[in-house]
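Written out below as structure tokens is the structure these notes cover.
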Amino acid sequence: MKSMLTMAIAVSALCVQSAAQDQPTRLMPVTSLPIPVDLVPPEEEPIKCGFPIILHALHEARRGLTPDASGDTRGLTQLERSLARPELQTSTLTGSFRVHYDTVGNNTPALLDPVGNRIPGTARACVDSIISILSHVVPVETGTLHYPAPISDGTLGGGPEYDIYVMELGAMYGFTTPDVSTAPGGRAASWITIDNDFVFVRPEPNRGLPGFKVTIAHELHHAIQIGNYGYWDEDPFFYEITSTWMEDVVYTEVNDYYNYLKAVWSHFRSPETPFTSGEMIMYSRAIWGHYISERFGIDVMREIWEKIRLLRPQLAIDQTLREHGVDLAGAYAEWSIWNYFTGSRAKPGLFYADAADYPEIIQSPVDFAGPSRDVPGSLGSMGTHYVQVVRSPDTMTVMMCNVDLAGTILATIPVLPYTLRLRSTRLDESYKSTPIGIFTKLDAADMSLWRTYYLGDTVRPYIDPTSFSSERPFPIPFHPGPTPYVYIPVDGVDRLVGSLYVFSASADLVASMTGISSTAHLGRQMFTWNGRTNDGTFASTGVYLFVIELPGGRVTGKIPVVRE
């Protein structure tokens, strides 16, 4: 009996082909499945993974693409066969895996010589190399990183072993196919198809065995994902982010993901594209995995997957990060800061370990000659703009993040407008001073959905003045030096992790402490400030404004300071 998934994809394929019959359609290798326009790379660029193409077809099938009432399925037979498990000439069993391959013909695997040509008669040697790669990948992903193993498919493919098929895929690395169709979030056994030589990979040193390595690491994790955690066909982004990140975790020396960071469709070229986009950009967002593992620990990626059993990925990310002291909104804004400090702006010891090897984020230049200029814009949920304001000879970057998580689960992601206002003089207290001597204000309908920072040699947050409240620090007034700390109470009985910012009365940032923990004092959780500014000196007499950024909110108020 043909699988439910095969039928669903086949019907979807026919409908897409019918709707686009007047347009050239690029088909997924080995199958007749059309590739969605958003997943077709530019000419001469390889296709990283066919899994999101299958998810797309499954999603379309669930929208009601079924055979007609008469049950007529003529024309489906060829598609069903092309999407079913292939029948190859032989197979090799190794532990809990079976590798299927041909020994003659177009699908025959081969190793490559030093200049990238196929070496005849190396099919078995190539399969032995695949087995050796599996013996490295599996212990890392299921042992070191503690992910569960791919689930058994029963007797499909010849036995309970997990099946890997080696075939000629043209310019595609590989894909993972679920055996059955399930409801969103459901789990299924699967099988993997990988290319038979990886002669197309760039750069040249990554051709052949390096291509096999990263593809097996990538696709095996897809098998783990859909077999143990479930697949949400509307959200391929996190599947590809994780599997592409996993390549570098398992084989740090290959760095195949660098290709996607430098591509014309990469995150560094289009940071305004919503974080949950299922377009090609998701491969370049493998750096999210590096941010999470370097910032919170490598186990946090697995903790997110454990919650994906019950939640769509973006909600699972948010819930997991809240357990580590920050919500997705705060982490997304911080990640956007990390993405600024790359290339020539990399700061050794801060942000990404490989930041110097990454490209620099694209910016929108805006000249300011005064006395005023308004810069309108708009962003979809979880998108970022970097506006480079030029006031000759100085420049600064204003980073604006739309952190509307709720918008990412809607059928159509909302686009929110904003206006960045630039002035030579401060019109009122809502305008904030900047490092280049002008004053700015962000206008948006709901400021709680935005995070804004000034980026340069330092990171400085823009704080919406309407957010200030009347929290009561003590002792008041605060005498830095003779009094070790001023205590700022916050709600809650458990320890919190957040960031404390202290501003002068003119809204200049004088002290910043990120990633700090609250302490229990007098039966409450409190943050403390020792009265020192960022340059290490004590703050002078005056009234200071504080902002504590916490998961899901902020605490604000005033601290009168008296120097003796």
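The values are calculated or read from the model by the stated rules, or taken from the named source; none is laboratory data. Note that the structure is predicted; figures quoted are calculated from it, not measured. Heads up, the Cβs are rebuilt from the backbone with ideal geometry, glycines too, and the neighbour counts pull from every protein chain shown.
Output yes when any residue across segment 83-98 is assigned to a strand (DSSP E or B), surrounded by 14 or more Cβ atoms within 10 Å (Cβ to Cβ), under 33 Å from the mean Cα position of the chain (by Cα) and at pLDDT 90 or above, and no when none is. Yes - at least one qualifying residue is present in segment 83-98.
Regarding segment 218-235, can at least one residue be identified that is part of a loop (DSSP other than H, G, I, E, B), out of contact with any helix residue (DSSP H, G or I) (no Cβ under 8 Å at 6 or more places or on another chain) and over 27 Å from Gly325 (Cβ atoms)?
no
So is Glu234 in the same structural domain as Pro36 (by TED's automatic domain parsing), of a type in the set (Asp, Glu) and surrounded by fewer than 24 Cβ atoms within 10 Å (Cβ to Cβ) or not? In short, yes. Among the residues making up segment 513-553, those that are buried (at least 19 other Cβ atoms within 10 Å of the Cβ) and either over 30 Å from Leu328 (Cα atoms) or modelled with pLDDT under 85 (or both) are Gly531, Ala539, Pro551.
Close contacts from segment 405-416, counting a first residue that is in the same structural domain as Gly380 (by TED's automatic domain parsing) and a second that is of a type in the set (Phe, Trp, Tyr) and part of a loop (DSSP other than H, G, I, E, B), with Cβ to Cβ under 8 Å and a gap of 6+ residues or different chains, come to Thr408/Phe275. Is it the case, given these coordinates, that Asn117 is at negative phi, surrounded by fewer than 16 Cβ atoms within 10 Å (Cβ to Cβ) and assigned by TED's automatic domain parsing to the domain that holds Trp232? So Asn117 passes the test.
Only one entry of Gly157, Gly143, Gly121 meets the criterion of being among the small types (Gly, Ala, Ser) and assigned to a loop (DSSP other than H, G, I, E, B), and that entry is Gly121. Scanning segment 388-422 for residues that are of a type in the set (Lys, Arg) and at pLDDT 95 or above gives a single hit, Arg421.
Kindly indicate which of Gly278, Gly227 is among the small types (Gly, Ala, Ser), in contact (Cβ under 8 Å) with a residue 12 or more places away in the chain and within 24 Å of Ile133 (Cβ to Cβ).
So the residue among Gly278, Gly227 that is among the small types (Gly, Ala, Ser), in contact (Cβ under 8 Å) with a residue 12 or more places away in the chain and within 24 Å of Ile133 (Cβ to Cβ) is Gly227.
Remark: Val254 matches the filter, which requires a residue to be under 21 Å from Thr193 (Cα atoms) and either assigned to a loop (DSSP other than H, G, I, E, B) or touching a Gly at 6+ places or on another chain (Cβ under 8 Å) (or both). Taking first residues from segment 471-496 that are without any contact (Cβ under 8 Å) to a residue 40 or more places away in the chain and partners that are assigned to a loop (DSSP other than H, G, I, E, B), the Cβ contacts under 6 Å between residues at least 6 apart in sequence or on separate chains come to Arg495/Ser518.
Select from segment 123-148 the residues that are crowded, with 17+ Cβ neighbours inside 10 Å and among the small types (Gly, Ala, Ser) and write down the one among them that is nearest to Met167 (Cα to Cα).
Ala123
Would you pick out the residues in segment 169-215 that are outside any strand (DSSP E or B), within 26 Å of the chain's Cα centre (by Cα), under 23 Å from Arg124 (Cβ atoms) and among the polar types (S, T, N, Q)? Listed by number, the list holds a single entry, Thr215.
Do we find that Phe341 is in contact with a Phe, Trp or Tyr (Cβ under 8 Å, 6 or more places away or on another chain) and surrounded by 18 or more Cβ atoms within 10 Å (Cβ to Cβ) in this structure?
Numbers: in contact with a Phe, Trp or Tyr (Cβ under 8 Å, 6 or more places away or on another chain): yes; surrounded by 18 or more Cβ atoms within 10 Å (Cβ to Cβ): yes.
Against the criterion (in contact with a Phe, Trp or Tyr (Cβ under 8 Å, 6 or more places away or on another chain) and surrounded by 18 or more Cβ atoms within 10 Å (Cβ to Cβ)), Phe341 qualifies.
For segment 174-213, the set of residues classified as farther than 19 Å from Arg118 by Cα and crowded, with 18+ Cβ neighbours inside 10 Å consists of Phe175, Thr176, Thr177, Pro178, Asp179, Ser181, Ala188, Ala189, Ser190, Trp191, Ile192, Thr193, listed by residue number.
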